[in-house]
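A.B. asks: Handing you a structure now.
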Amino acid sequence: MGRASRLVKTTLWSTVAGTREMVWGDLEGSEFVRANGRMVAKVDGGWKLRNKKLGGGKAAPFALDPDLLFTVLKELPADARAVTHVEVGEVAGKKVVILSMTIENEAAGDLADSGALPGGGGPGGGMLMFGGGGGMGAPEIEHTVYVALHVDPDSGDLLRFAAKVFEKNPMMGNMQIQVQGGPGGDVEDPDEGDEKDEAPASGAPTWKKGFPVKKPAKDESVTTFRADFKKLGLAEAPALDAKTKAMLRMR
């Protein structure tokens, strides 16, 4: 078996809004609603139950559940939630303050395994792995998670949430890796900086748009995720008829 590429970068983005009962969003014009472990997608003007595909055959993106995400972040140890970098940025033409967190060790593993973020080789991470030595135990996997909160300095509203999940897996060099999810699979986010840049010789990292410029090691994968929040407090949930609500097990 040939050695597969060890660097996998999947960039997913969608506009997400939600309540405690449901999360809804839009991916390149394809609407979807998730609630109670189910998803409906707008297909030919109506809502239909779907699992992995949206209207037009687009692969369903990872849909951020804000309530789950911030519950998981709140439960992390205080030192893991500390802000490690602050810079000024821009979201949709508006100036924002970017607050960055660097989450490592056990806290990073807990966050990566919670399902609140995409990434990683486990269930829900979007990767399918084939091969590997028979009879071998599961490899020890290490995570580092970088979180960037893009905050409106005037209102305090969160306009964008972004994260990079680095996963170190010593078995990845002996696996074939298939990446699923996102618009077209492996894509580059035009808002991201050039990650081919190296950190300066002094060892101090260069930060771009809330993330350190960092090349993954040969046994690491990295998943980049971004979700934009629009019409905060004003967003109206899609109008769902009784049949669609029943499909989603909603009252």
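A.B. asks: Is it the case that some residue within segment 91-104 is in contact (Cβ under 8 Å) with a residue 12 or more places away in the chain and assigned to a helix (DSSP H, G or I)?
C.D. replies: no
A.B. asks: Which residue, of Trp47, Trp13, is of a type outside the set (Asp, Glu), in contact with a strand residue (DSSP E or B) (Cβ under 6 Å, 6 or more places away or on another chain) and at pLDDT below 85?
C.D. replies: The conditions single out Trp13.
A.B. asks: Taking the criterion of being modelled with pLDDT of 85 or more and part of a strand (DSSP E or B), would at least one residue in segment 130-142 satisfy it?
C.D. replies: Yes: segment 130-142 contains one or more residues that are modelled with pLDDT of 85 or more and part of a strand (DSSP E or B).
A.B. asks: Is there a residue in segment 41-57 that is under 28 Å from Asn169 (Cβ atoms) and of a type in the set (Gly, Ala, Ser)?
C.D. replies: No, segment 41-57 contains no residue that is under 28 Å from Asn169 (Cβ atoms) and of a type in the set (Gly, Ala, Ser).
A.B. asks: Could you tell me how many of the residues in segment 57-87 are hydrophobic (A, V, I, L, M, F, W, C), assigned to a loop (DSSP other than H, G, I, E, B) and without any contact (Cβ under 8 Å) to a residue 60 or more places away in the chain?
C.D. replies: 3
A.B. asks: Does Glu198 satisfy being under 18 Å from the mean Cα position of the chain (by Cα) and either modelled with pLDDT of 95 or more or farther than 20 Å from Val83 by Cβ (or both)?
C.D. replies: For Glu198, the condition - under 18 Å from the mean Cα position of the chain (by Cα) and either modelled with pLDDT of 95 or more or farther than 20 Å from Val83 by Cβ (or both) - is not met.
A.B. asks: If the requirement is being closer than 15 Å to Ser14 by Cα and modelled with pLDDT of 85 or more, which of these qualifies: Asp191, Asp228?
C.D. replies: Just a single option satisfies the conditions, and that option is Asp228.
The values are calculated or read from the model by the stated rules, or taken from the named source; none is laboratory data. None of the values given here were measured: they were computed from a predicted structure. All Cβ positions, even for glycine, are placed from backbone atoms using ideal geometry, and neighbour counts span all protein chains on display.
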